[in-house]
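Asker: The structure follows.
Bear in mind that the values in this text are calculations on the coordinates, not laboratory data. Remember, it's a predicted structure, so these values are computed and weren't measured experimentally.
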Amino acid sequence: MRWLRAFWDSTVGKKAVMAVTGILLVGFVVAHMLGNLQMFIGADAMNRYAAFLKSTGELLWVARAGLLGAAVLHITAAYQLTQMNRAARTDAYAKRVPAASTLASRTMRWGGVLLLAFLVFHIGHFTTGTFHPAFSHTMVYGNVILGFRSPVVSAFYLAAMAALGLHLYHGAWAGFRTLGLAKRSSAPRERRIAQGLALIVWAGFSSIPVAVWLGILN
Ligand code: HEM
């Protein structure tokens with residue numbers, strides 16, 4: 001087990017853990033987005049899909065535990081890497097001029113914190129119903145429509161989806177490099193893949209509150 005400790009204690013080990021857990025989390029996010037897009041097929045399709053997920057019983061709990069474990073490892077590695085970076089630089093920059101940064105890379109930490117706050121609200125909103133005005137355990141379609149009738153709630157979701165898109169873009173691109181998959185090039189294909197993935201996930205999720213606002217879904 002000593003090798004595992006040494007691996008986790010190294011910067012490279014933590015980055016590898018972030019990349020692998022990031023892949024698991026992206027897999028969930030894409031599957032969840034595709035599942036949610038059934039809102040556009042209709043209430044029956046969406047409610048049936050939600051009932052199917054609940055009918056998987058223990059499997060659902062295994063998936064939830066895996067997801068939670070991946071998220072905890074991802075966040076812990078991110079936090080510890082930040083601390084290690086800070087410790088490596090004893091005095092602060094007099095003036096911080098990032099050499100090669102993008103909006104996405106500069107918002108990773110705060111975007112990540114916003115996503116965490118979103119998740120806490122989201123589970124209380126659509127899974128337990130704690131923050132929902134008229135929650136039903138079976139009518140998931142209705143929960144989503146009623147949930148998004150509140151402009152404040154929808155605006156919060158849209159802000160969180162923008163943060164998710166930026167986080168995914170930078171995260172996927174950084175992950176490709178950590179795993180050594182990105183080739184040296186001035187316009188790497190992997191950057192475009194990361195952009196495409198982020199754009200699809202952002203648009204797919206955001207389309208639902210927007211469609212409720214526009215009255216396309218009701
Ligand atoms: C417009 C955007 C979204 C909609 C309409 C939506 C919809 C839902 C619904 C209806 C549920 C409850 C499912 C059920 O109990 O049958 C749910 C659960 C959940 N969603 Fe979302 N979701 C959205 C965005 C997201 C995003 C961006 C994430 C992650 C980054 C996410 C993560 C989760 C998680 C972790 C659960 C709990 C799963 C469980 O353990 O039961 N959702 N979502």
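Asker: Of all the Cα-Cα pairs you can form in the range 8-125, what percent are over 16 Å apart? It would help to have the intermediate numbers written out before the result.
Answerer: Numbers: 5071 of 6903 pairs.
Roughly 73 percent, once rounded to a whole number.
Asker: As a test of the formula, what do you get for the chain when each DSSP H run with n ≥ 4 contributes -39,500 (n - 2.57) and the sum is divided by the residue count, at 222 nm and rounded to the nearest 500 deg cm²/dmol?
Answerer: Values: 9 runs with 160 residues, N = 218.
Roughly -25000 deg cm²/dmol at 222 nm, from the helical runs in the chain.
Asker: Using only Cα atoms, tell me the angle between helix 108-122 and the longest principal axis of the chain; keep it within 0 to 90° and round to the nearest 10.
Answerer: The angle comes out at about 20 degrees.
Asker: Quick check: the angle from helix 11-36's long axis to the longest principal axis of the chain, C-alpha only, nearest 10 degrees?
Answerer: 20
Asker: Does the range 116-218 come out rounded, prolate or oblate by the C-alpha gyration tensor, with a ≥ b ≥ c the root eigenvalues, rounded set by a/c under 1.5 and, if not, prolate when a/b is larger than b/c and oblate if not? Let's see the in-between values first.
Answerer: Values: a/c = 3.31, a/b = 2.34, b/c = 1.42.
Prolate shape, in that a/c is at least 1.5 and a/b is the bigger ratio.
Asker: Of the residues A70, A51, A174, which exhibits the maximal mean-square fluctuation in a Gaussian network model of the chain defined by a 10 Å Cα contact cut-off?
Answerer: A51
Asker: Then there's this: For the range 33-88, what is the convex hull (Cα atoms) projected area averaged across all directions, in square nanometres? The partial results should precede the final answer.
Answerer: Working: hull surface 20.7 nm².
Quarter of the Cα hull surface area: 5.2 nm².
Asker: Report Rg(Cα)/(2.2 N^0.38 Å) for the chain, keeping two decimals. Mind dumping the intermediate values first?
Answerer: Working: Rg = 19.4 Å, N = 218, 2.2 N^0.38 = 17.0 Å.
That ratio works out to 1.14.
Asker: In degrees between 0 and 90, to the nearest 10, how far off the longest principal axis of the chain does helix 151-178 point, with axes built from Cα atoms?
Answerer: With rounding to tens, the tilt is 40 degrees.
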